[in-house]
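Trainee: Handing you a structure now.
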Amino acid sequence: MKRRRTSGMGRIFRRRSRFTGKELSTWWIAYFVDGKERREAAHSTEYEVAKRLLRKRLNALSEGTYTGPERERITVAALLDNLIAYYKVQGHRSLPSARAQTKPLRDAIGSRRALEVTTGRLFGLVQEWKTAGTAPATINRRLSLLRRAYGLGKLRLDPARLDLTELFLVENSPLGRHIGADVFAAIHENLPAYLRDFFEFAYLCGTRKRHLAHTTWAHWDRAAREFTWSAKEVKAKRPHILPLDGRPLEIIEGRYAHQALHCPYVFHGRYCTPGRRPSQQYGCVGDFKRVWETACKNAGFPIGRKLGGYVFHNTRHTAVTNLVNAGVPAHEAMAVSGHRTRSVFDRYSLTLKEQTRAALRRTTDYTETLQTDRKVVPLAR
């Protein structure tokens, strides 16, 4: 076996055939990683090619950027598969959304090697998405998932080749809309009877749609007049206790008095019948997206967020905003809505023009009542 050493940490050699015993023409390199020797084919009969490959591996080891030949061959699709598997293990509630957002990435660059993707290639992809009418917020979510996939794959990116931070777009989409009392009444009137209590409870308490749709009577403690959800059932991954009073309590007490014995859910859909299996994703209520759009259309409002219309998630923005404007302390309002961090809670608290005007009126009234006994004397020149 012919060997040539280039340094104390690596060597270049040729292997012999197991069948003929003759020396092969292709060069191989060997180097040490964490005390263990790694061998790799240079895929060339030229010694200088093998020498450059060995130097590349040794330089990467000294700089801490070594990835190895197996990671150089990994594709973007494999990284995204690892990301989805990670979301499953962690039990992230955003798994369905992550699957949907990574599909355009798989279609565009899934077959490419991860280390071959460049900033220019992704910039062109972002331009294609923008031309197709994709919202900047959606594009940013895709890029965030791709960056997360690279991080989980332990691939250290070279900023000169791929820098994802330069690709994120400015998001101009509104954070949410407040459903006023007149808007609530109009939509509530046009909804079918089975959705009215569901809509009103979410409007008052700000409970997430999926969270509320999966609520059963096992979560309800009638003696304590409160709902209790475990950490596994809550997006924030911590137990959520919601004591009720006022109109929300009236809704639940009314439904408790007329609960369906064949169904454990608090809120039911139009097809709730004995023997029917509820949806795993939407509970017994089912997917009412088209019913919601029809109600908004009949009430005279645009359909969808892009057209300036209302979506059901606006009930969460509305409940938080109403709690804040009613003078409820932030920590108590967060206990109702289930928010874990103050920063996200503040995003859901919308600024209303009438509340701003009311604040200025109160400030004006306050300043007019101020009196001072201090005599103002002009300074002598």
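Trainee: Helices (runs of 4 or more DSSP H) wholly in the stretch 281-342 with at least 2 residues that are exposed (fewer than 14 other Cβ atoms within 10 Å of the Cβ) and not polar (S, T, N, Q) - which ones?
Mentor: Details: elements: 289-299, 314-325, 330-337.
Hits in the stretch 281-342: 289-299, 330-337.
Trainee: OK, next. Out of the residues in the stretch 253-308 that are hydroxyl-bearing (S, T, Y) and within 18 Å of L191 (Cα to Cα), which is nearest to the chain's Cα centre (by Cα)?
Mentor: From the stretch 253-308, those hydroxyl-bearing (S, T, Y) are 256, 265, 271, 273, 279, 282, 294; that's our starting set.
Okay, now just the ones that are also within 18 Å of L191 (Cα to Cα), so 271, 282, 294.
Details: Y271: 31, Y282: 19, T294: 28 Å.
Only one residue tops the list, namely Y282.
Trainee: Only residues that are of a type in the set (S, T, N, Q) and outside any helix (DSSP H, G or I): list them for the stretch 115-157, please. It would help to see each step written out before you state the result.
Mentor: Filtering the stretch 115-157 down to residues of a type in the set (S, T, N, Q) leaves 118-119, 127, 131, 134, 138, 140, 144.
The answer is T118, T134.
Trainee: Can I ask one more? Any residue in the stretch 144-164 that is closer than 14 Å to T102 by Cβ sitting within a Cβ distance under 8 Å of a residue that is surrounded by fewer than 17 Cβ atoms within 10 Å (Cβ to Cβ) and at pLDDT below 80? List the pairs, counting only those 6 or more apart or interchain.
Mentor: G153/R71
Trainee: Considering only the stretch 99-109, I want to know if a residue exists there that is among the aliphatic types (A, V, I, L, M) and under 15 Å from the mean Cα position of the chain (by Cα).
Mentor: Taking the stretch 99-109 first, the residues among the aliphatic types (A, V, I, L, M) are 100, 105, 108-109.
Next cut, under 15 Å from the mean Cα position of the chain (by Cα) only: 100.
Yes: one or more hits.
Trainee: Looking at the stretch 145-165, which of the residues that are over 20 Å from the mean Cα position of the chain (by Cα) and either of a type in the set (D, E, K, R) or at pLDDT 85 or above (or both) is surrounded by the fewest Cβ atoms within 10 Å (Cβ to Cβ)?
Mentor: Our first condition is that a residue be over 20 Å from the mean Cα position of the chain (by Cα); within the stretch 145-165, this holds for 154-163.
Remaining after also requiring either of a type in the set (D, E, K, R) or at pLDDT 85 or above (or both): 154, 156, 158, 161, 163.
Numbers: K154: 9, R156: 15, D158: 11, R161: 12, D163: 13.
Per the criteria, the residue is K154.
Trainee: List pairs: first residue in the stretch 226-245 and closer than 18 Å to T341 by Cβ, second residue of a type in the set (S, T, Y) and loosely packed, with under 13 Cβ neighbours inside 10 Å anywhere in the structure, Cβ distance under 6 angstrom, at least six positions apart or on different chains.
Mentor: Partner pairs satisfying both residue conditions: P239/S230.
Trainee: Specify the residue that is surrounded by the most Cβ atoms within 10 Å (Cβ to Cβ); the eligible residues are those in the stretch 170-191 that are farther than 15 Å from K353 by Cβ and at pLDDT below 90.
Mentor: Looking at residues that are farther than 15 Å from K353 by Cβ and at pLDDT below 90, I get G176.
Trainee: Between a residue in the stretch 87-106 that is closer than 18 Å to V234 by Cβ and any residue that is of a type in the set (G, A, S) and at pLDDT 90 or above, which pairs come within a Cβ distance under 8 Å, given they are 6 or more apart or on different chains?
Mentor: Listed by first residue and then by second, the contacts come to Y87/A98; H92/A98.
Trainee: Which residue, of A202, A236, A231, is at pLDDT 95 or above, of a type outside the set (V, I, T) and closer than 23 Å to S94 by Cβ? Talk me through it step by step, then tell me what you get.
Mentor: Numbers: A236 fails: at pLDDT 95 or above; A231 fails: at pLDDT 95 or above.
The conditions single out A202.
Trainee: Return the pairs, sorted by first residue and then second, in which the second residue is assigned to a helix (DSSP H, G or I), the first residue lies in the stretch 40-67 and is closer than 11 Å to I12 by Cβ, the beta carbons are less than 6 Å apart, and the residues are 6+ apart or on different chains.
Mentor: Hits for this filter: E40/P69; A42/V49; A42/A50; A42/L53.
Trainee: Let me ask something additional. Which one of the conditions (1) free of Cβ contacts under 8 Å to residues at least 60 places away in the same chain; (2) out of contact with any His (no Cβ under 9 Å at 6 or more places or on another chain) does A333 fail to meet, given that it meets all the rest?
Mentor: If we test A333 against (1) free of Cβ contacts under 8 Å to residues at least 60 places away in the same chain; (2) out of contact with any His (no Cβ under 9 Å at 6 or more places or on another chain), just (2) comes out false.
Trainee: Also: Report those helices (runs of 4 or more DSSP H) wholly inside the stretch 1-114 carrying at least 2 residues which are within 30 Å of S230 (Cα to Cα) and not assigned by TED's automatic domain parsing to the domain that holds Q281.
Mentor: Working: elements: 47-63, 69-72, 76-90, 95-109.
In the stretch 1-114, 76-90, 95-109 are the helices (runs of 4 or more DSSP H) which contain 2 or more residues that are within 30 Å of S230 (Cα to Cα) and not assigned by TED's automatic domain parsing to the domain that holds Q281.
Trainee: Still on this structure, I have one more. Only one residue in R362, R255 is outside the structural domain of F198 (by TED's automatic domain parsing) and either polar (S, T, N, Q) or over 26 Å from T134 (Cα atoms) (or both). Which one?
Mentor: On the way: R255 fails: outside the structural domain of F198 (by TED's automatic domain parsing).
Residue meeting the stated conditions: R362.
The values are calculated or read from the model by the stated rules, or taken from the named source; none is laboratory data. Quick caveat: nothing in here was measured; it's all calculated off a predicted structure. All Cβ positions, glycine included, derive from the backbone under ideal geometry; neighbour counts span all protein chains shown.
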